[in-house]
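Visitor: One structure is given below, represented as structure tokens, and several questions about it will come after.
The values are calculated or read from the model by the stated rules, or taken from the named source; none is laboratory data. Keep in mind that what you see is a predicted model, and the values were worked out from it rather than measured. Every residue, glycine as well, gets a Cβ built from its backbone with ideal geometry; the counts of neighbours run over all protein chains shown.
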Amino acid sequence: MAWVEESTPATYEGAMVVTVPRLGFRVVTTGGFRERFVVCGEDMLSLRMVEALVRQARRGTTDVVVLTTPGGAVLDRLRAIRGVEVVEVGEPDDEAFVAAGVADATAVALVHREDVVNIHRALRVQELAPATRLVVRLHAPALAGRIRMLLPTATVLSVSATAAPAFVTAAVGVTTRQSVDLPGYPMVVADRDGVRPERIVCGLARRPDAGEPVLLPSEGETDLVLARVAVHREGRIVGTRRAIWRRVLTRAYLRARASMTRSLAQATLGLIGLLVLGTVAFATLAGLSWGDAVFLTVLDSAGAADPDTHVTPVARTIQALVTVVGIAIIPLVTAVVVDAAVSARFAGTPQRSRPRRGHVVVVGLGNVGVRVVEQLHERGVPVVAVDDEEGPGVTQVRRMGVPVIVGDSTRRTTLDAASVADCRALVAVGRDDVANLETGLVGRSLRARLRVVLRLRDDDLARRVDRTLEVAVSRSVSFLAAPAFAAAMREHQVVATVPVGRSVLLLADVPIGRSALLAGLPAGVAESAGEVRVVGVYRGSGEDAVLECPPRPQRRLKVGDRLVVAATRDGLVDVHARCAARIAV
């Protein structure tokens, strides 16, 4: 019997043989199928999406039509992609959408930078082709949650929400964990050394000291892993008491460090060190017990010294020195207390005092910059934001209570005002690659070992910058977001996007359809070295589904099961094709 895929709109023409080497047989179909995608946009995201759709067209033929503005920045690169039809049109009207074939399209993507433009275009397409699947780019979180009232067939994605976690992780350090929200089974992406061996689910990548990372190598060669998070029976995420106290103390340390200048911190530590030495001197040189030594040190430093001329000269000398140190330290303690009281008093005001040390400086308050600031702020990391003009992003960040500096980030004085020389990391996420790079270089002139995270669109430039600038990380927003958009156009459910260097891994939930090629076979058959790794299998349906992680080797997949995989973009297309439902013809 011959089969064709059921889940993809098809135009059958002639016969086609699909070879599946890993399964050891061939599936003969009575006809091939033709996918048709329409992309309406004019920036780098559109280009990356088209490249992904064309590159992943392994089965059958894929037609891609791009509606873009005349003279767009990526127009020449779009035209250079083989098999892509590029239509230059200012504002697409009904006639342009009909000519692009939206009625017969597998999916239509609306990815303009402005939310209102995408909504308007999506409503046009919905009127012309009510059954066509839509993928809509929206930034406003509140609007994205309610848009299904207007567009019931739409999948809504946010570029900034998809890309921001990668910038946050790069800013606060490579050991930061990225959360993965599998329903009922929270997990994290972390370094192998940072999690207990029994909580590791599977390996994801190997990151060599030099060169490109290796995605999904053999299990024993990975240093980036997917691991379970401990939960109570009620579902509340927990950790060990030690881990909880570590998080509390770390947050308190970051707050204290951010509120003090370097000179104030050094003076405080120096005086505390002298008090410790005074305590040791009382206990050793003056012959007092340790309890009495601490007692006398505390009283003398507080100015409650009781002079006694009958004690030994050594004891009198130590007491005098501790009293002087105490007099010096009291103003420092007063300054810290007053600063904390003032900060608490004005915590609800639009602008807090600027952190002075250990903070992250975020330059560029566009959609991505605001999301980065928001996520850092939620983690308790002190942040200072910088933008070159008063705009919506500045207003939004100030409402969070994050200090904002308005000025040219490529000028040394602006970065000096943000205390870049003493910050934890500098994140430049403006829309201009040159301005981001210049900002990073100015920051490096203030401190040679400053951690710099740059938003760079050009891949070749980014690779060269990463090799040349030590402790520098580059990310491309379109590169991070495009795989999720392209997967949504093929109706793949992407759970999370995991950046590994300049590469991306996708964690996806793939249902086993009726008469799928993998139905009746063990889950391990879906794995492919370097492309696909099986994380687990949801057995059952709906709320009663239970994640089997890892899946039992001999238990076979059934129709209705859902395969959870970590895959490259090409690997996801392959495993989705083998899990798709088929019908007899």
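Visitor: Among the residues of the stretch 498-545, write down those that are under 14 Å from residue 560 (Cβ atoms) and within 27 Å of the chain's Cα centre (by Cα).
Guide: Of everything in the stretch 498-545, those that are under 14 Å from residue 560 (Cβ atoms) and within 27 Å of the chain's Cα centre (by Cα) turn out to be 509, 510, 511, 537, 538.
Visitor: Of the residues that make up the stretch 411-430, is at least one touching a residue at least 12 places away in the same chain (Cβ under 8 Å), closer than 28 Å to residue 43 by Cα and surrounded by fewer than 19 Cβ atoms within 10 Å (Cβ to Cβ)?
Guide: Looking for residues that are touching a residue at least 12 places away in the same chain (Cβ under 8 Å), closer than 28 Å to residue 43 by Cα and surrounded by fewer than 19 Cβ atoms within 10 Å (Cβ to Cβ), one finds none in the stretch 411-430, hence no.
Visitor: Name the residues in the stretch 519-563 that are under 21 Å from residue 185 (Cα atoms), in a strand (DSSP E or B) and charged (D, E, K, R), would you?
Guide: Passing the criteria: 533, 539, 548, 562.
Visitor: Could you count how many residues in the stretch 393-431 are out of contact with any strand residue (DSSP E or B) (no Cβ under 9 Å at 6 or more places or on another chain), modelled with pLDDT under 90 and within 19 Å of residue 366 (Cβ to Cβ)?
Guide: 0
Visitor: If you don't mind, there's one more thing I want to ask. Return only the number of the condition from (1) more than 25 Å from the chain's Cα centre (by Cα); (2) assigned to a strand (DSSP E or B) that residue 566 does not satisfy.
Guide: Tallying (1) more than 25 Å from the chain's Cα centre (by Cα); (2) assigned to a strand (DSSP E or B), residue 566 fails exactly one: (1).
Visitor: Here's another thing I want to ask about it. How many residues does the stretch 440-488 contain that are surrounded by fewer than 18 Cβ atoms within 10 Å (Cβ to Cβ) and either part of a helix (DSSP H, G or I) or out of contact with any strand residue (DSSP E or B) (no Cβ under 8 Å at 6 or more places or on another chain) (or both)?
Guide: The qualifying residues number 16.
Visitor: Now for a different question. Within the stretch 361-379, is even one residue at positive phi and either surrounded by fewer than 23 Cβ atoms within 10 Å (Cβ to Cβ) or part of a strand (DSSP E or B) (or both)?
Guide: No, that holds for no residue.
Visitor: Only residues that are out of contact with any Phe, Trp or Tyr (no Cβ under 7 Å at 6 or more places or on another chain), at pLDDT 90 or above and not polar (S, T, N, Q): list them for the stretch 46-64, please.
Guide: 47, 50, listed by residue number.
Visitor: The conditions are (1) over 24 Å from residue 34 (Cβ atoms); (2) in contact with an Asp or Glu (Cβ under 7 Å, 6 or more places away or on another chain), and residue 71 fails exactly one of them. Which is it?
Guide: Single failed check for residue 71: (2).
Visitor: So which residues in the stretch 89-101 are surrounded by 14 or more Cβ atoms within 10 Å (Cβ to Cβ) and not in a helix (DSSP H, G or I), if there are any at all?
Guide: Hits for the stretch 89-101 are 89, 92, 101.
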